[in-house]
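Working notes, beginning with the structure itself.
The values are calculated or read from the model by the stated rules, or taken from the named source; none is laboratory data. Bear in mind that the values here come from a model prediction, so they are computed numbers and not experimental data. Glycine also receives a Cβ, built like all others from the backbone with ideal geometry; neighbour counts cover every protein chain displayed. Each accessible area value is taken on the protein alone, full model and side chains, heavy atoms only, with ligands, DNA and RNA left out. Shrake-Rupley method; radii C 1.70, N 1.55, O 1.52, S 1.80 Å.
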Amino acid sequence: MMAVELAASLASDGLDVNPMVFFEQTRVGTLLTHLEGLPRAAAPAAPATQAPAPSTPAPRTSPYEAPSAPAPAPSAPAPAPPRRPPPRRAPCAPRRDRPSGAGPVRAADGFVPDWDRFRDTEPAPRPGPPRPPCPPGRRPPDGPRPGARRPARPAPGTEPAAAARVPRRTLPGRLADAPHGTFLDRRIDALSGDDRGIVARGEYFYEPVIEEASGSRIKFDGRWFLNFASYSYLGLIGHPYIDDQALRAVERHGTGAHGVRLLAGTLHLHRELELALARFLGAEDAIVFSSGYMANVATVGALVGPGDTVVGDVYNHASILDGYRLSGAKVVTYAHNDLADLERALRKAGDGGRLVVTDAVFSMDGDVADLPGILELCERYDAPLMVDEAHSLGVLGDTGRGITEHFGIDPDRVHVKMGTLSKTVPSAGGYVAGSRDLIFALKNNARGWMFSAAATPAQVAAAKAAVEVMAAAPSLTRELRARTTRYRDRLHALGFDTLASETPVVPLVCADADQAVEMARLCQLDGLFVQPIVYPAVPRTLPRLRTIVNLSHTDADLDAAVLTLEKAGRACGLVHDRRAGPPAGAPTDLRTDRRTDRCTASKGIRP
């Protein structure tokens, strides 16, 4: 590039030079001799009105400062008119981490940025020492539950007029196919045909644009709903200590990192979070990815490849499945939580490289992997185990440390401990914890980490603060478990089928997809936000509503949700008065053979 630039510069002086000359003539003397022998073209005449060449600008005193205006040439007929002074701006707090020797920051000539309208007019007070996380058994002063803010819910009709301008969910521009359109038109039609049909029927419940949130309630489409679809299991969104640490990180480091982690993107915050996760999970070290999806895809892709075999539960999360596909390894699946079928899959894998992968908590069913049995088989067949704890961190175990604590198993027996930072932890990202050797290998081979921008300072600081809160308040997990059990027991008493759920993910199985959609519609009309989950997210024979309990819910919230679900279930024929027997034409309950995933009709409703 430098040779091209030099040739272009000489061409502006009338000397036509082939850039290759600078590579062929390696000595300065011979290069000059060659250049002197080249014919020169006449330089273009300067226009008569061209201004005199300016003098060299004065050196800048700060890397943020614009160059000072050049002094007028001696032959200029008159000095330049004086510039209008810039308008006075309100004082603002200086950035604390600017080097003390840096010069003043001035705007370039002719431009004064209107940044002050984004700032307070008074200097911001210097924050005091950080507040500690909530100690065990104590509640913070600004909320009735562990650490969650509960701003006052606005009364109906008092919302500002600007709320009408909130953008709505994304909907298609047309509902009919474009068979004679371009390739892209036809491809879009093939991708979204079923979804456009759902929109046309008025049954599209997805991507609600949340305008406000207050504790267990959210507002979208101008209405408030009791939210039973949140992954914030411990209710830590809005926790004052977590918010404070995120704000401090932005004050100190700004809003972004400086690139990928291997080069200039690793802040002390990233390593502090990784080591905090490792300590919490009983591992030597950890690696933090910019998303949980990428953590699974990149880790599976780095650990297995062509010639290897990856063995996984048929209900594993989509990010794990995508990791399978991108790795190029042979894939063998086993029936959900079926140890006999897992052993069959391990035998089929042969003696080559093998990796077994399973979710800890299965996000659609709410059940827990049989970790003791899985580990026994993995160790017998010399296959390392990777466990995805996206829905078990903060949920399983006496203190929320996940599935190994839940079963009382040494964490070292699970070689690869993966999880997310966007569910119990109210941030964004994913992690893998394990040995130092594993983490070092991933940091230099997991392409989704090597070539992704680093997580932002606010995200990392919030995640680290959440881990500190979880460590300081282990009783939160026990409280969540008690509330979930109470809620699930009431649903069972009404006759709802919740499969094998033993976690805050509580599905309500429906007879068919239409019934699941109608249940969701009736619940949302009554102000309960739940979502229908149908094929392909779950088997065709097991459509359901998925409800999720978290510590934002009070006992009154749980009771209100049960009443709404009961009302909708009776209207749809999903539940009925047992003393009267099932109504005529009511759908039979569908049970699943968990080994074969085949549904069989059964009489009555499961208690």
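Straight-line cross-link partners of Lys417 among the lysines, defined as a Cα under 16 Å from its Cα and at least 8 positions apart when in the same chain: Lys443. Whole-percent P(r), segment 459-553, all Cα pairs, 5 Å bins from 0: 2, 12, 18, 19, 17, 12, 10, 8, 2, 0.
Cα centroid separation, segment 437-480 to segment 219-293: 7 Å.
Each label was represented as a point 7 Å from its Cα along the Cα-to-Cβ direction; for Ala556 and Glu376 these points are 4.9 nm apart.
Sorting Arg169, Arg27, Arg488 on solvent-accessible area from highest to lowest, probe radius 1.4 Å, gives Arg27, Arg169, Arg488. Modelled label positions at Val209 and Arg478, each set 7 Å beyond Cα in the direction of Cβ, lie 4.5 nm from each other. Sorted largest first by accessible area at a 1.4 angstrom probe radius, with every protein chain in place, the residues Phe407, Phe280 fall in the order Phe407, Phe280. Length gained on full extension, Val260 to Ala571: 106.6 nm, using 0.36 nm per residue less the C-alpha separation. Heavy-atom accessible surface of Ser214, to the nearest 10 Å², is about 20 Å², with a 1.4 Å probe and all protein chains retained.
Restricting the GluC sites (Glu not before Pro) of segment 242-292 to loop positions (DSSP other than H, G, I, E, B) with no more than 14 neighbouring Cβ atoms within 10 Å leaves nothing. With the simple spin-label model, which puts each label point 7 Å out from Cα in the Cβ direction, the Leu6 to Arg201 separation comes to 7.2 nm.
For segment 376-393, backbone phi angles converted through the Karplus equation (6.51, -1.76, 1.60; θ = phi - 60°) give residue-by-residue couplings of 4, 5, 4, 6, 5, 9, 6, 10, x, 10, 10, 10, 8, 9, 4, 10, 10, 5 Hz, Gly and Pro being listed as x. Rounded to the nearest Hz, the phi-derived 3J(HN,Hα) couplings of segment 555-562 under the Karplus curve 6.51 cos²θ - 1.76 cosθ + 1.60 (θ = phi - 60°) are 4, 5, 4, 5, 5, 5, 5, 4, where x marks glycine and proline. Working note: Karplus 6.51/-1.76/1.60 with θ = phi - 60° gives segment 241-257 the couplings 5, 5, 4, 4, 5, 5, 5, 5, 5, 5, 4, 7, 10, x, 9, x, 8 Hz, where Gly and Pro are set to x. Loop only by DSSP, 12 or fewer other Cβ within 10 Å of the Cβ. Give me the chymotrypsin sites (Phe, Trp or Tyr not before Pro) in segment 447-540 that pass, ordered by residue number. The qualifying sites are Phe451. At the residue level, Arg201 shows approximately 150 square angstrom of accessible surface with a 1.4 angstrom probe and all protein chains present.
Converting the Cα gyration tensor eigenvalues of segment 166-269 into ellipsoid dimensions via √(5λ) gives semi-axes, longest first, of 38, 25, 11 Å.
Annotation: extensible slack from Arg486 through Ala178 equals 105.7 nm (criterion: 0.36 nm per residue apart, minus Cα-Cα distance). Dividing the convex hull volume of the alpha-carbon atoms in segment 304-401 by its residue count gives 88 Å³ per residue.
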